[in-house]
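> Before anything else, here's the structure in question.
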There are 2 protein chains.
Amino acid sequence: MRWTQTLIPTLKEVPVGTEAVSHQLLLRAGLVNMLTSGVYSYLPLGLKVLRRIETIIREEMNAAGARELFLPCLQPIELWKQTGRDQVLQEIMIRFKDNRGREMCLGPTHEEVITALAKNYVQSYRQLPLTLYQIQTKFRDELRTRFGIVRACEFIMKDAYSFDRDVEGLERVYQKMYNAYQNVFKRCGVDVHIIAADSGAMGGDVSHEFLALAPIGEDEVALCGGCGFAGAGALWAEGGGSCPSCGKALTKQVAIELGHIFQLGTKYSQAQGAMFLDEDGKLKPMIMGCYGIGVSRLIAAVVEKNYDDNGIVWPREVAPYDVEILPLTGEDAEGRALAREYAETLEKCRFEVLVDDREESPGRKFHDADLIGIPYRLILGARGLKEGLVEIKERRSGRVLKIRKEDIMLRLPGILRDGFPEKDEDAGRC
Amino acid sequence: MRWTQTLIPTLKEVPVGTEAVSHQLLLRAGLVNMLTSGVYSYLPLGLKVLRRIETIIREEMNAAGARELFLPCLQPIELWKQTGRDQVLQEIMIRFKDNRGREMCLGPTHEEVITALAKNYVQSYRQLPLTLYQIQTKFRDELRTRFGIVRACEFIMKDAYSFDRDVEGLERVYQKMYNAYQNVFKRCGVDVHIIAADSGAMGGDVSHEFLALAPIGEDEVALCGGCGFAGAGALWAEGGGSCPSCGKALTKQVAIELGHIFQLGTKYSQAQGAMFLDEDGKLKPMIMGCYGIGVSRLIAAVVEKNYDDNGIVWPREVAPYDVEILPLTGEDAEGRALAREYAETLEKCRFEVLVDDREESPGRKFHDADLIGIPYRLILGARGLKEGLVEIKERRSGRVLKIRKEDIMLRLPGILRDGFPEKDEDAGRC
């Protein structure tokens, strides 16, 4: 992809009215645009990051046995009355009456819809267990939107729902999801603390939150430096600041909630009459769990955990491009031709390549390359090219490799896949 | 994928209250589920079809030079007041006041949002041309929802928007989109007629509609059997039923609108002040075009054009799976083991494979296989296996190939990629 043929509107200044580093960087690197407070567009670079995170989530969900579907945003209020959550979630629910006079809302979550669906299709224990998920836009009428895409009125979630015959089945799928969540956050380059949590408006007994320490966090987590224990922030006060398992001192830190999983039990299936016929011929309510990840919020968390003074430092698996090529020479010069040639070859090897073909100074190109944070860049400068050399620079470490230009295609694909070589000798090929 | 590990709730009966064949088949084959009138869930099989159609659209849009982004559903009414379309689209627009007292709507289309975005980021002719697109959920408060996902309150659209310096630029991108649209519909297995159309609420002078003849159509098209001319239905009355170009008789047929492209000109850029500085130093309004495809509606059109008495007959490029494997023998028998083995091998070759591992009679399995319409099926029957033979059946033609089971992996991948051989000798390999 050539920079001039897409839209990457980098900003030199920090936008006014922004507090969070991630919010500033996502705006400055041209990933998102605010339409109105709490409502954001994903520009081409931001959408690419979103899609890569979605791909990671899909891979982990599919591997855990969950099947993807796609539920509607529009939901009849009637359905919510069955569980009483039209009241519980009243404040954040966007409601309206449509042209036919139907009371509708925009789904802030989908327990009621998926339970109705399971009720419709699942009659027998033979059809269980069943775990379904979707990646979808959700709506909450947030009075206090904050930190850009972190607390927004319109946001993207992955929500999964499991249906089982018995508690043992629920516990099995809960553990699978727990593990899948750890994989997702690890692959996204975000360390999380997992704490036993309160089930709140979702209901059920057992629940775990996946939290990342970050100054934009709105949750508190109590951490023990001794045994590694992590608990809800409230514990800090309750326990007088000492850890329940080892007695050592707890520290309290702010954290952002990225995922939350719940053993719901029969709250929804009872209320909505989602029953199945078990092997013993008895009609029983399905045992449910639900499992959420804040997908758009995860983008912000990735940035909070991966930046430096000059901009974003994308982890390899979520970067919008694998490599950025910077031809620094003028128009029609060797650098430009080489950039096109390298880009074509790399794209054939299925790498995502961005070529900064703008007529900008080397300084501006370096500045923007740091800002948008592609893991590797290939620098084609006039001086180097005269000597037959090009540079590969790693964004995270700042390390530079000088390579003869005829060796680029022997070395670069291996680096993009496996990272910078420990020694200069190691490298893979396409 | 094993049938028992996903959700494909086929129905034996035609659901009551459905008129359109596509609506009936999409429900019966377990692709979609109605939450409430005009609002549908995509079940796993339906979502797969949706994704394959989206992939075709993305490939064609990217090839035409359009770049993908993702705009919000929530939009402030203020923005719509700039063009006066808060009035024009009043009847179908879902509006509400949020907790902060902001007047908001759910986007039925995105001209205003994208024009505001271009205004924000494009200052110079150097940044033009620029074409942006998205695939996104849209909302219309339809009083008369019909034919399932054809005319719904919540639906998926691909909408693209072009920005140019001059009319010549607009005409160039318009032609590219025109060609891309032809490719999309062709790849989806739907013949379209393209007619010069009225621009309606969008504005602008030139516009073309892409229509597929189908009994569920709500548009009319006048067709000439002589010269192949196609025009708006109104022409039939105006011209006294004869074709303007050759004078021969026109016939009038109903058709469904799948795409519509518009040369908008400066309607939106003028109203919203989206100006750029041209090479001559003058401030000019950007010249715009917009280009829509009804993605969810296209699924219905594909079915309308591809079915028989027994069910759906998916064209290869949009089928939810490439092949369905039907082990017909009992549990733990050879057929079941072979099915697993074949599925694994094919999935390694990146084919999408569905194994009907249900404990159902061969009759039920054949019935459902016809209904869901996967292009090829591999039948592992007890009698055939005894003789060392398996059957490959083509859904569309009903043709059957008997093959020695040890040759399956030599023959099947080529068939899945290139279709049934003319003669029995031809076949590719994985």
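Each value in this text was obtained by applying a stated rule to the coordinates, not by laboratory testing. Nothing here was measured: the structure is a model prediction, and the numbers come from that model. All Cβ positions, glycine included, derive from the backbone under ideal geometry; neighbour counts span all protein chains shown.
> Which distances, shortest first and in nm, link B:V16 to the matching position in the other copies, using label points set 7 Å out along Cα to C-beta?
6.3
> Would you mind checking the tilt of helix B:408-418 against the longest principal axis of the Cα atoms of chain B, expressed as 0 to 90 degrees and rounded to 10?
With rounding to tens, the tilt is 20 degrees.
> Ranking B:H260, B:H367 by Cβ neighbours within 10 Å, fewest first, what do you get? The partial results should precede the final answer.
Details: B:H260 20, B:H367 15.
Ranking B:H260, B:H367 by Cβ neighbours within 10 Å, fewest first, gives B:H367, B:H260.
> Which residues' amide hydrogens lie under 5 Å from the amide hydrogen of A:I94, considering only partners 5 or more residues apart or on another chain, with H built in the peptide plane?
Sorted by chain and number, the residues that satisfy this are A:L106, A:D141.
> Based on alpha-carbon centroids, what's the gap between region A:123-169 and region A:235-251 in Å, whole number please?
33
> Now, a different point. Kindly give the distances from B:C227 to its copy-mates, label point to label point, with each label point 7 Å from Cα along Cα→Cβ, as nm values to one decimal ordered shortest first.
Result, one decimal in nm: 8.8.
> Which one of B:F351, B:I379, B:G398 has its Cα pushed farthest toward the positive end of the charge dipole of region B:321-418, where Lys and Arg give +1 and Asp and Glu give -1 at the Cβ?
Going by the Cα projections, it comes out as B:G398.
> Can you give the translational diffusion coefficient of the protein assembly as shown in µm²/s, computed by Stokes-Einstein from the Kirkwood radius over Cα pairs at 10 °C and 1.306 mPa s? Show your work: numbers first, answer last.
Values: Rh = 29.4 Å.
It comes out at roughly 54 µm²/s.
> Another question about this same structure. How about B:K12: which lysines have a C-alpha closer than 20 Å to its C-alpha, ignoring those fewer than 8 places off in the same chain?
A:K119, B:K365
> To continue, here is another question. Filter the GluC sites (Glu not before Pro) in region B:338-430 to those in DSSP coil with at most 12 other Cβ atoms within 10 Å of their Cβ, and list the result. Walk me through the numbers before you get to the answer.
Values: sites: B:E341, B:E344, B:E347, B:E352, B:E359, B:E360, B:E387, B:E391, B:E394, B:E406, B:E422, B:E425; in loops: B:E352, B:E359, B:E360, B:E387, B:E422, B:E425.
Sites meeting the loop and neighbour criteria: B:E359, B:E387, B:E422, B:E425.
> Here is a follow-up. Step through the residues of region A:168-178 one at a time and calculate ³J(HN,Hα) from phi using the Karplus curve (6.51 cos²θ - 1.76 cosθ + 1.60, θ = phi - 60°), rounding each to whole Hz and writing x for Gly and Pro.
Ordered by residue, 3J(HN,Hα) equals 4, x, 4, 5, 5, 5, 4, 5, 4, 5, 3 Hz.
> As I understand it, the value is the acute angle between the Cα axis of helix B:111-121 and the longest principal axis of the Cα atoms of chain B; what does it come to in degrees, rounded to 10?
Roughly 70 degrees, rounded to the nearest 10.
> Continuing with the same structure: Using θ = phi - 60° and the Karplus form 6.51 cos²θ - 1.76 cosθ + 1.60, what ³J(HN,Hα) does each residue of region A:31-38 get, whole Hz, x for Gly and Pro?
Running phi through 6.51 cos²θ - 1.76 cosθ + 1.60 with θ = phi - 60° gives 8, 9, 9, 8, 7, 7, 3, x Hz.
> How far apart are the B:S242 label points across copies, placing each 7 Å from Cα toward Cβ, in nm, shortest first?
Relative to the other copies, B:S242 has label-point distances of 10.4 nm.
> Related question: Could you work out the relative contact order of region B:286-430? I mean the mean sequence separation of Cα pairs under 8 Å and 6+ apart, divided by the number of residues, in percent. Write out the running numbers ahead of the final one.
Values: 209 pairs, mean separation 30.8, N = 145.
Once divided by the residue count of region B:286-430, the mean separation gives 21 percent.
> Something else about it: Can you pull the mean other chain C-beta count within 10 Å for peptide A:35-46? Numbers along the way, then the final one.
Working: counts 9, 9, 3, 5, 9, 4, 10, 6, 8, 5, 1, 2.
Average neighbour count from other chains, rounded to a whole number: 6.
> List A:C227, B:C153 from most exposed to least, where exposure is judged by having the fewest other Cβ atoms within 10 Å.
Details: A:C227 12, B:C153 27.
So the ranking, lowest neighbour count to highest, is A:C227, B:C153.
> For B:I325, which sequence-distant residues (separation of 5 or more, or a different chain) have an amide H within less than 5 Å of its own amide H, given hydrogens modelled in the peptide plane?
B:L354, B:V355, B:D356, B:L378
> For region B:17-98, run through the trypsin sites (Lys or Arg not before Pro) and keep only the ones in DSSP coil with at most 13 other Cβ atoms within 10 Å of their Cβ.
Details: sites: B:R28, B:K48, B:R51, B:R52, B:R58, B:R67, B:K81, B:R85, B:R95, B:K97; in loops: none.
Hits after loop and neighbour filter: nothing returned.
> Work out from phi, with θ = phi - 60° and the Karplus expression 6.51 cos²θ - 1.76 cosθ + 1.60, the ³J(HN,Hα) of each residue of region B:290-299, listed in order in whole Hz, and give x for Gly and Pro.
Each residue of region B:290-299 in turn: 9, 8, x, 10, x, 6, 5, 4, 4, 4 Hz.
> Moving on. So what is the relative contact order of chain A, in percent, for Cα pairs below 8 Å that sit 6 or more residues apart? List each step's numbers first, then the result.
On the way: 866 pairs, mean separation 64.0, N = 430.
In percent, rounded to a whole number, it is 15.
> Here is a follow-up. From the helices alone, meaning DSSP H stretches of at least four residues, give me the mean residue ellipticity at 222 nm for the protein assembly as shown, per-run term -39500 (n - 2.57), in deg cm²/dmol to the nearest 500.
On the way: 26 runs with 266 residues, N = 860.
It lands at -9000 deg cm²/dmol.
> Still on this structure, I have one more. So what are the radius of gyration and Dmax for the Cα set of chain B, in Å?
24.8, 82
> Rg to Rh for region B:321-418: what is it, with Cα atoms only and Rh by Kirkwood?
Details: Rg = 12.1 Å, Rh = 13.2 Å.
Reported Rg/Rh, Kirkwood definition of Rh: 0.91.
> How long, wide and thick is region B:1-141, going by the Cα atoms along their three principal axes, in whole angstroms, largest first?
59, 39, 28
> Round to the nearest 10 and give me the degree value, 0 to 90, for the angle of helix B:362-372's Cα axis relative to the longest principal axis of chain B.
Taking Cα atoms only, the helix is inclined about 20 degrees.
> Let me ask another. Near B:Q136, within a Cβ-to-Cβ distance under 9 Å, what is the net charge of the other residues, with Lys and Arg +1 and Asp and Glu -1? Display every interim value, and only then the final one.
On the way: positive: B:K138, B:K158; negative: B:D159.
Net of charged neighbours comes to +1.
> Report, by chain and number, residues whose modeled amide H sits under 5 Å from the one on B:R67, excluding near sequence neighbours (fewer than 5 apart, same chain).
B:T131, B:L132, B:Y133
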